[in-house]
Amino acid sequence: MPYTANDGIDLWYEKSGKGPALVFLHGRAGNGASWWRQVAAFSSTHTVITFDQRGFGRSPCDGEAFTFDTLASDVAAVLDAAEVQQAALVSQSMGGISAMRVARTYSQRVTGLVVSSSLAGIVPMDVRRRLAALERANTVTLPDRAFAPGYSEREPALYELYEQILSFNTVFDPAWRARIAGPEQSLGPADFEGYAVPTLFMVGTHDQFFPPNFVHEIAAWVPGATVLEFPDVGHSPYWESPEQFNSSLATWLEQNARW
């Protein structure tokens, strides 16, 4: 289990497989271990890189070191350490903020971008107000909010495993998210002038954080982006419906990634 360093933080990462490279970026309730079924599915055909983003799992940091600039440069540092020049990025929830920054800052290294269950840091004030209203009305908390209603009863063992992986994040403070997702950090139309990275947004029809109508609205800001909805799943398609997620991802990459 190798480490690399960036901006004073040691980052745990893992590399497996051989072929076109994929980097998976987890959300705030996960870490590199969250992608276990994607690693199993893609490592026979791709070079697969997972890592614990700073502040999570085996890559601890303090709040002052948690910024979107360092989150983006961490990905570049991991690619360098893994001796990978270019990769497609597959992101989940908060990881979409990091991934979009990478796609904009290091576009020459990104062969494609998949943003699952995230607005990718594109949150104008009207969207922010509407999301806040949903937040006030929704009393469901993690980990239940990460899934479609009733998931814990349908899949108790997998629900428990999700809880265990979440428990690895002993350092991360959810309040740190404001450092990368506040109004002053939101991307706008001017940030996508000349943007040419193939981009796919994925969303579950029962997502309790970012419902599909929000994702469609935001994806329209990103040149060439498309949206894929997963029926009957919530905020975690990669976990709730891994076969469909993996199959859809493989098809999109084959058709769109700039390998």
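Read-outs: derived from the displayed coordinates by stated rules, not from any lab. Small disclaimer: the values here were computed from a predicted structure and weren't measured. In this analysis, Cβ positions are derived from the backbone assuming ideal geometry, glycine residues included, and neighbour counts consider all displayed protein chains.
Here are some notes:
- Think of each Lys and Arg Cβ as +1 and each Asp and Glu Cβ as -1; about the Cα centre, that makes the dipole of the chain roughly 280 debye.
- The phi-based Karplus calculation (6.51 cos²θ - 1.76 cosθ + 1.60; θ = phi - 60°) puts the 3J(HN,Hα) values of region 113-128 at 10, 10, 10, 9, 6, 7, 9, 6, x, 9, 9, x, 4, 5, 5, 4 Hz, whole numbers, x for Gly and Pro.
- For region 3-256, the Kirkwood hydrodynamic radius comes to 18.1 Å, computed from all pairs of different C-alpha atoms.
- Each of Phe51, Val84, Thr139 was scored by the projection of its Cα onto the charge dipole of region 47-159, and the greatest displacement toward the positive side belongs to Thr139; charges sit on the C-beta of Lys, Arg, Asp and Glu.
- Of the residues Ala196, Phe24, Ala178, the one whose Cα sits farthest toward the positive end of the charge dipole of the chain, with +1 on the Cβ of Lys and Arg and -1 on the Cβ of Asp and Glu, is Ala196.
- Exposure proxy ranking for Thr70, Thr251, Thr170, Thr105, based on other Cβ atoms within 10 angstrom of each Cβ and starting from the fewest, stands as Thr170, Thr251, Thr105, Thr70.
- Stokes-Einstein D (µm²/s) once Rh is taken as the Kirkwood radius of region 159-206 over alpha-carbon pairs, at 20 °C in 1.002 mPa s: 145 µm²/s
- Gaussian network model of the chain, Cα within-10 Å springs - most flexible of Gly182, Gly27, Gly96: Gly182
- Projected label distance in nm at Ser247 and Arg129, using a 7 Å step from Cα toward the beta-carbon: 4.3 nm
- Backbone phi angles across region 234-241, fed through the Karplus curve with coefficients 6.51, -1.76 and 1.60 (θ = phi - 60°), yield HN-Hα couplings of x, 6, 10, x, 4, 9, 6, 9 Hz in residue order; Gly and Pro are listed as x.
- Of the residues Ile49, Ile218, the one with the fewest other Cβ atoms within 10 Å heads the list, and the complete ranking is Ile218, Ile49.
- Considering every alpha-carbon pair of region 1-124, the percent of pairs per 10 Å bin, from zero through the bin containing the longest distance, is 14, 52, 31, 3, 0.
- Karplus-based coupling profile of region 95-106, in residue order and whole Hz: x, x, 5, 4, 5, 5, 4, 5, 4, 7, 8, 10, with θ = phi - 60° in 6.51 cos²θ - 1.76 cosθ + 1.60 and x standing for Gly or Pro.
- Listed peptides 152-164, 191-203, 126-138 by packing density, highest first (mean Cβ within 10 Å): 191-203, 152-164, 126-138
- When DSSP beta bridges are restricted to pairs lying wholly in region 3-256, around 30% turn out antiparallel.
- Inter-label distance, Glu229 to Glu160: 3.5 nm, where each label sits 7 Å from its Cα along the C-beta direction.
- Pairs of alpha carbons in region 175-259 whose separation is greater than 22 Å (percent): 37 percent
- With only Cα atoms counted, region 1-74 has Rg and Dmax values of 12.4, 39 Å.
- Order of Ser93, Ser241 under a 10 Å beta carbon neighbour criterion, fewest first: Ser241, Ser93
- Per residue, the average separation of C-alpha pairs within less than 8 Å and at least 6 apart gives region 197-247 a relative contact order of 42 percent.
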